[in-house]
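Student: Below is the structure I would like to discuss, written out as structure tokens.
The values are calculated or read from the model by the stated rules, or taken from the named source; none is laboratory data. It should be emphasised that the depicted structure is a prediction, and the values quoted were computed from it without experimental measurement. Every residue, glycine as well, gets a Cβ built from its backbone with ideal geometry; the counts of neighbours run over all protein chains shown.
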Amino acid sequence: MFRDWKRDALLIVLFGLAYLAATLLISDSYYLLIATLIPIWALLALSWNILGGYMGFVSFGHAAFFGLGAYAVAMAEHHFGISPWFTIPGTAVLGAVAGVLIGYPTFRLQGHYFALAMLAYPLALLYIFEWMGYQEISIPMRREAPLAHMQFSDPRGYCVIAVALMLGAMLVSLVIERSRFGLALFAIRQDVRAAEAAGFDTRRWKMRAMAVSGMIAAVAGGLYVVIILVITPPSVFGLITSAQALILTLFGGAGTFWGPVIGAMTLVPAVELLHTHLGEILPGIQGVVLGLAIVAITLAAPGGIYWWARGRLGIRSTPLTLPAAVPAMPVGSGVATDSAAPILRVRGISKAFGGVHALRDADFDVLPNSILGIIGPNGAGKTTLFDVLNGFTKPDSGTVEYAGTVITGLRTNRIAAMGIGRTFQVARVFPEMTVAENVLTGAWSGATDVNEALARTVNALAFVNLTERAGAEAGALTNREVRLLEIARALAGRPRLLLLDETLAGLSRDDVTDVIAVVRRLPGAGITVVLIEHTMHAMLQTADRLLVLDHGKVLTTGLPNEVVKDPAVIEAYLGHKWMARHAEG
Amino acid sequence: MPSLETFLQSLVSGIMIGSVYGLMCIGLALIFGIMRVINFAQGEFLMLGMYAALFMIPAIASVMVGGSALMAILAALATAPLLYGLGYLLHAGMLRPLARVHAYAGEAKSQQAQFIITLGISIALQNACMVLFGSDVRSIRTPLSSTAWPLAIPFTEDGIIFLNQARAVTFVAGALFAAALHYLINATWLGKTLRATADNPLAATYMAIDIDRMHRIAFALGTAITGVAGALVALQYPFQPYVGLDFVIIMYTGVVLGGMGSIMGAFWGGMVIGIIQQCSTLILPIQLQNVAIFVVFIALLLIRPQGFFGRSAERA
């Protein structure tokens, strides 16, 4: 964990105890039922929050997990007399498995399409359970051994279990928020590709999030049926169940474990009381209120109650504290490089998008501890080349060999882990994270523990002279700082090869000098650099060798001063008319 | 193996119902294509169209004489302005103000907020109808739904399939409405401005097109079309306030199948879904005919992971 969590863990436990103490004051069994339903719906909302809040994948299908958990517990008790004491923990496994099975195909989609696809699962299950003849299933009374079957004479018994499970889910959420898990999810939410390039195996983290989320939702469903006793497919698999998970979270505040709990504590009692008191004359009134609640909060306080209140009270999250003194460590990988052999061999790389040949049979070597500049007119294939080198794009043919290993076809996060870092033409920092957290994402994908990750972060920030800006939000940086931050994030992964995609674009003259100074220091730290740049002037100051790309072909490579005099290069850059006119004059 | 007769019967039923599925898919595709917002309340607009027809058909029948086919089509037509007004108000009152709230949050976030607000509208509408109309299952009884034309299958001895008249009427009406929309989108000035808005909102603004107004028209038009489709489906499908859910996946699948941005593609997508749904009953129990559509939906997404939504490669 990279942030203090003990204070919040204590707060969570105190909150749970206070909640239970409050239920002691309630004697009416109906109100006790509501007091038990609140933590159950909070559980479901907490589960939704892991996917929808932390990772930013809105799901309309959490009823699938909830319903599976409910039906598993009900069917085991109904048919085989197996106690919920055994089956509720079992539903956690069931939920995780369902999460993986659902996640595998569905994570190929993003945004709206992910949300829509998720909708299909609970609805399909609803029809399937109806077709199987489970229009209604109930949990039989076990008068001979009620306690062994989780049946209490005092309804507070259920309440204690529900609150305990809710606390468990809150603590799980806390751990996620403060650990590498959460950092990966936040990074995915803000920019999936940047997260991959920073070295996170995003596919695996997504699956883990879905498994944990499914686990919690299924447990919520399992406990729900123990309390409600009778369920029907629409009551657990219906859209309103999924919608409730989403609405409670967004109403309370997504992306924090307090949000779902606040949402459940405000909306669940309101909805239940309305249903009981007005349900006779106005059936469906609770749905109207839920629907209008989400419309109102989206319009009035889009972040939900928690974030709105924090904004109102002026509470800011404490920025990540970096250790003051860290062991000195080279920013590069520290792996000794054979100075003669090329670190990167590119052979015959071709890539076409439809009819456009972005790269044709590109061949070149990159020598270690040097700066290779790649120039070429717009559309020459420069960024596509980087996309091939760092695994975003698979080439149609050819191979890339890095430090003696063929890396073509490997996934981006693997390539990043092997020591190839990159920055982007349009800078892709994580705007909602601080500078230090941004760099930490790059550090932690490869570090063995948090202390090493923090040390790498401190060193990388110092290398690019951003130490003072560590606590600033990345969304509020100047152009120069954003470019340096991207370099620092890549450096924190301790690369041997760094691909810088138009790092100097859009900078003022002074800023360019600043950034070039940082780039020039990289080979000395044992890092080989490949730099894409448009302006010849800056390139001549920076690169040791130049490579000219035109229409996807390598036109020439060589020392900067030779390359700029090459007639073929001048023609590619300035056109043959220019050549002709100046030849005459 | 099902006989030729039952297969043809299912196929014809599929085409009949497919026309009206196509129409509702157009409603969804229009809203998505132009606003880039997936409307969750689509099923509820359909449901409102069904209730509108329920009250409208007797009202129309009381003031004029004519065949029940005519009554049904008139009722469907009369639904359009009602739902157009509702769509117009929902956009002006909820979706448009939302755009202001999220003006600085970026396009993706603002679209997500709109998506979620349509979920709120959906839940509020279905339950408001529960309050207003109760949970009773309603159906519209016209002589149409209980009569059928027998059709002889060519090149067979005594093969015969039946054409339910209610289905035939919805087929013809659905196809006519779809054709009218095709004309509206492709051959009128309004259609041209709508398409320009869909293609590039910023460029459209430079051409003095009022984007807000175009979005409002698109949303209202999509709502109206879906309502009309609902009025037609109601002739042969019993309904209650939560009926929308039976149709949302049909609509989403049809739209994905047809190509997310394409409006007439959505019609053919809906048609294919109608055929798949009806033919699935040849091999699957009838309760699972919607599951067959879910399978098609998920399979579609698996085979084309980027979906049929156009841009697949993102530039780094």
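Student: Has region A:394-402 got at least one residue that is in a loop (DSSP other than H, G, I, E, B), in contact with a Lys or Arg (Cβ under 7 Å, 6 or more places away or on another chain) and charged (D, E, K, R)? Give the derivation first.
Tutor: In the first step, residues of region A:394-402 are kept if they are in a loop (DSSP other than H, G, I, E, B); the result is A:394-396.
Going one step further and asking which of them are in contact with a Lys or Arg (Cβ under 7 Å, 6 or more places away or on another chain), we end up with A:395-396.
So of that shortlist, the ones also charged (D, E, K, R) come out as A:396.
Yes, there is a match, as at least one residue in region A:394-402 is in a loop (DSSP other than H, G, I, E, B), in contact with a Lys or Arg (Cβ under 7 Å, 6 or more places away or on another chain) and charged (D, E, K, R).
Student: Would you say B:Leu48 is more than 11 Å from chain A (Cβ to nearest Cβ), of a type outside the set (Val, Ile, Thr) and buried (at least 20 other Cβ atoms within 10 Å of the Cβ)? Quick ask: steps written out before the conclusion?
Tutor: Values: more than 11 Å from chain A (Cβ to nearest Cβ): yes; of a type outside the set (Val, Ile, Thr): yes; buried (at least 20 other Cβ atoms within 10 Å of the Cβ): yes.
Here the answer is yes, as B:Leu48 does meet what is asked.
Student: Could you please find all residues in region A:371-419 being aromatic (Phe, Trp, Tyr) and either touching a Phe, Trp or Tyr at 6+ places or on another chain (Cβ under 8 Å) or within 14 Å of chain B (Cβ to nearest Cβ) (or both)?
Tutor: Applying the first criterion (aromatic (Phe, Trp, Tyr)) to region A:371-419 yields A:386, A:392, A:402.
Once the filter is applied, which keeps residues that are aromatic (Phe, Trp, Tyr) and either touching a Phe, Trp or Tyr at 6+ places or on another chain (Cβ under 8 Å) or within 14 Å of chain B (Cβ to nearest Cβ) (or both), region A:371-419 yields A:Phe386, A:Phe392.
Student: Just to be sure before I move on: is A:Thr423 within 14 Å of another protein chain (Cβ to nearest Cβ) and touching a residue at least 60 places away in the same chain (Cβ under 8 Å) in the structure I sent?
Tutor: yes
Student: Also: Could we say that B:Gly265 is in a helix (DSSP H, G or I) and away from chain A (no Cβ under 14 Å) here?
Tutor: Numbers: in a helix (DSSP H, G or I): yes; away from chain A (no Cβ under 14 Å): yes.
It is true that B:Gly265 is in a helix (DSSP H, G or I) and away from chain A (no Cβ under 14 Å).
Student: Collect the residues in region A:360-388 that are part of a strand (DSSP E or B), charged (D, E, K, R) and over 18 Å from A:Arg496 (Cα atoms), keeping them in residue-number order. I'd like the intermediate steps shown before the answer.
Tutor: Step one: list which residues in region A:360-388 are part of a strand (DSSP E or B), which gives A:360-366, A:371-375.
Adding the requirement that they be charged (D, E, K, R) leaves A:360-361, A:363, A:365.
Scanning region A:360-388 gives A:Arg360, A:Asp361, A:Asp363.
Student: Moving on. Can you say whether A:Leu171 is over 30 Å from A:Phe386 (Cβ atoms), over 12 Å from the mean Cα position of the chain (by Cα) and surrounded by 24 or more Cβ atoms within 10 Å (Cβ to Cβ), as far as the supplied structure shows? Reasoning before the result, please.
Tutor: Details: over 30 Å from A:Phe386 (Cβ atoms): yes; over 12 Å from the mean Cα position of the chain (by Cα): yes; surrounded by 24 or more Cβ atoms within 10 Å (Cβ to Cβ): no.
Criteria not met by A:Leu171.
Student: Which is within 23 Å of B:Val248 (Cβ to Cβ) and touching a residue at least 60 places away in the same chain (Cβ under 8 Å), of A:Leu32, A:Leu37, A:Leu44? Steps first, please.
Tutor: On the way: A:Leu32 fails: within 23 Å of B:Val248 (Cβ to Cβ); A:Leu37 fails: within 23 Å of B:Val248 (Cβ to Cβ).
Just one listed residue meets the conditions, A:Leu44.
Student: Give A:Phe463, A:Phe430 a once-over and let me know the one that is surrounded by fewer than 24 Cβ atoms within 10 Å (Cβ to Cβ) and aromatic (Phe, Trp, Tyr). Steps first, please.
Tutor: Values: A:Phe430 fails: surrounded by fewer than 24 Cβ atoms within 10 Å (Cβ to Cβ).
Exactly one of A:Phe463, A:Phe430 is surrounded by fewer than 24 Cβ atoms within 10 Å (Cβ to Cβ) and aromatic (Phe, Trp, Tyr), namely A:Phe463.
Student: Another one. Somewhere in region A:71-87, is a residue closer than 23 Å to A:Gly263 by Cβ and either among the aliphatic types (A, V, I, L, M) or crowded, with 17+ Cβ neighbours inside 10 Å (or both)? Explain how you work it out, then say what you get.
Tutor: The initial filter retains those residues of region A:71-87 that are closer than 23 Å to A:Gly263 by Cβ, namely none.
Within region A:71-87, not a single residue is closer than 23 Å to A:Gly263 by Cβ and either among the aliphatic types (A, V, I, L, M) or crowded, with 17+ Cβ neighbours inside 10 Å (or both).
Student: Considering only residues that are surrounded by fewer than 24 Cβ atoms within 10 Å (Cβ to Cβ) and assigned to a helix (DSSP H, G or I), which ones fall in region A:177-187? Full working, then the answer.
Tutor: Of region A:177-187, the ones surrounded by fewer than 24 Cβ atoms within 10 Å (Cβ to Cβ) are A:177-182, A:186.
Listed by number, the residues that qualify are A:Glu177, A:Arg180, A:Phe181, A:Gly182, A:Phe186.
Student: With respect to A:Ala197, is the statement that it is at pLDDT below 95 and within 19 Å of A:Asp8 (Cα to Cα) true? Before you say what the answer is, go through the steps one by one.
Tutor: Values: at pLDDT below 95: yes; within 19 Å of A:Asp8 (Cα to Cα): no.
So A:Ala197 fails the test.
Student: Quick one: B:Trp268 ticks every box in (1) within 13 Å of the chain's Cα centre (by Cα); (2) surrounded by fewer than 24 Cβ atoms within 10 Å (Cβ to Cβ); (3) at pLDDT below 85 bar one, so which box is it?
Tutor: (3)
Student: Still on this structure, please answer the following. How about region B:241-260: which of its residues are surrounded by fewer than 20 Cβ atoms within 10 Å (Cβ to Cβ) and within 13 Å of another protein chain (Cβ to nearest Cβ)? I'd like the intermediate steps shown before the answer.
Tutor: In the first step, residues of region B:241-260 are kept if they are surrounded by fewer than 20 Cβ atoms within 10 Å (Cβ to Cβ); the result is B:246, B:259.
The answer is B:Asp246, and nothing else.
Student: For residues in region A:389-404 being closer than 23 Å to A:Gly526 by Cα and modelled with pLDDT of 90 or more, which is surrounded by the most Cβ atoms within 10 Å (Cβ to Cβ)?
Tutor: Of the residues in region A:389-404, the ones closer than 23 Å to A:Gly526 by Cα are A:389-391, A:400-404.
With modelled with pLDDT of 90 or more added as a condition, the list becomes A:389-391, A:400-402.
Numbers: A:Leu389: 24, A:Asn390: 26, A:Gly391: 23, A:Val400: 24, A:Glu401: 16, A:Tyr402: 22.
For region A:389-404, the residue satisfying everything is A:Asn390.
Student: So A:Ile102 fits all but one of (1) at the interface with another protein chain (Cβ under 9 Å from one of its Cβ atoms); (2) β-branched (Val, Ile, Thr); (3) under 24 Å from the mean Cα position of the chain (by Cα); what number is the exception?
Tutor: Every listed condition holds for A:Ile102 apart from (1).
Student: Which of the residues belonging to region B:271-290 are under 19 Å from the mean Cα position of the chain (by Cα) and within 14 Å of chain A (Cβ to nearest Cβ)?
Tutor: Residues of region B:271-290 under 19 Å from the mean Cα position of the chain (by Cα): B:271-278, B:289-290.
Correct list: B:Ile273, B:Gln277, B:Gln289, B:Asn290.
Student: Residues that are away from chain A (no Cβ under 11 Å) and without any contact (Cβ under 8 Å) to a residue 40 or more places away in the chain: find the helices (runs of 4 or more DSSP H) completely inside region B:89-200 holding 3 or more of those. If you could, list the steps in order and put the result at the bottom.
Tutor: Details: elements: B:96-101, B:107-133, B:165-187, B:189-199.
Because the criterion is at least 3 residues that are away from chain A (no Cβ under 11 Å) and without any contact (Cβ under 8 Å) to a residue 40 or more places away in the chain, the helices (runs of 4 or more DSSP H) in region B:89-200 that meet it are B:165-187, B:189-199.
Student: Looking only at region A:128-149, which residues are modelled with pLDDT of 90 or more and either within 9 Å of chain B (Cβ to nearest Cβ) or in a helix (DSSP H, G or I) (or both)?
Tutor: A:Ile128, A:Phe129, A:Glu130, A:Trp131
Student: In region B:42-74, what count of residues is obtained for those that are over 17 Å from the mean Cα position of the chain (by Cα), in a helix (DSSP H, G or I) and of a type in the set (Gly, Ala, Ser)? Talk me through it step by step, then tell me what you get.
Tutor: Residues of region B:42-74 over 17 Å from the mean Cα position of the chain (by Cα): B:54-72, B:74.
Right, trim to in a helix (DSSP H, G or I) and you get B:54-63, B:68-72, B:74.
Still in the list and also of a type in the set (Gly, Ala, Ser): B:59, B:61-62, B:68-69, B:72.
Of the residues in that region, 6 qualify.
Student: Here is a check on your reading of the model: is A:Asp201 surrounded by fewer than 23 Cβ atoms within 10 Å (Cβ to Cβ), more than 14 Å from every other protein chain (Cβ to nearest Cβ) and touching a Lys or Arg at 6+ places or on another chain (Cβ under 8 Å)? Give the derivation first.
Tutor: Numbers: surrounded by fewer than 23 Cβ atoms within 10 Å (Cβ to Cβ): yes; more than 14 Å from every other protein chain (Cβ to nearest Cβ): yes; touching a Lys or Arg at 6+ places or on another chain (Cβ under 8 Å): yes.
So A:Asp201 passes the test.
Student: Quick check: is even one residue across region A:277-298 among the acidic types (Asp, Glu) and either under 26 Å from A:Ser153 (Cβ atoms) or in contact with a helix residue (DSSP H, G or I) (Cβ under 7 Å, 6 or more places away or on another chain) (or both)?
Tutor: Residues of region A:277-298 that are among the acidic types (Asp, Glu), as a first pass: A:280.
Right, trim to either under 26 Å from A:Ser153 (Cβ atoms) or in contact with a helix residue (DSSP H, G or I) (Cβ under 7 Å, 6 or more places away or on another chain) (or both) and you get none.
No - not one qualifying residue is present in region A:277-298.
Student: Among the listed residues A:Ala505, A:Ala492, A:Ala476, A:Ala447, identify the single one that is surrounded by fewer than 24 Cβ atoms within 10 Å (Cβ to Cβ), touching a Lys or Arg at 6+ places or on another chain (Cβ under 7 Å) and among the small types (Gly, Ala, Ser). I'd like the intermediate steps shown before the answer.
Tutor: Working: A:Ala505 fails: touching a Lys or Arg at 6+ places or on another chain (Cβ under 7 Å); A:Ala492 fails: surrounded by fewer than 24 Cβ atoms within 10 Å (Cβ to Cβ); A:Ala476 fails: touching a Lys or Arg at 6+ places or on another chain (Cβ under 7 Å).
Residue meeting the stated conditions: A:Ala447.
Student: Using the structure shown, decide if A:Phe60 is more than 14 Å from every other protein chain (Cβ to nearest Cβ) and either closer than 22 Å to A:Ile216 by Cβ or surrounded by 24 or more Cβ atoms within 10 Å (Cβ to Cβ) (or both).
Tutor: Working: more than 14 Å from every other protein chain (Cβ to nearest Cβ): no; either closer than 22 Å to A:Ile216 by Cβ or surrounded by 24 or more Cβ atoms within 10 Å (Cβ to Cβ) (or both): yes.
Judged against the criteria, A:Phe60 is not a match.
Student: Residues that are of a type outside the set (Phe, Trp, Tyr) and over 30 Å from A:Gly376 (Cβ atoms): find the helices (runs of 4 or more DSSP H) completely inside region A:428-541 holding 3 or more of those.
Tutor: Values: elements: A:435-444, A:450-463, A:479-492, A:509-521.
In region A:428-541, the matching helices (runs of 4 or more DSSP H) lie at A:435-444, A:450-463.
Student: Given the conditions (1) surrounded by fewer than 21 Cβ atoms within 10 Å (Cβ to Cβ); (2) within 14 Å of chain B (Cβ to nearest Cβ); (3) of a type in the set (Gly, Ala, Ser), and given that A:Gly90 satisfies all but one, which numbered condition is not satisfied?
Tutor: Answer for A:Gly90: the failing condition is (2).
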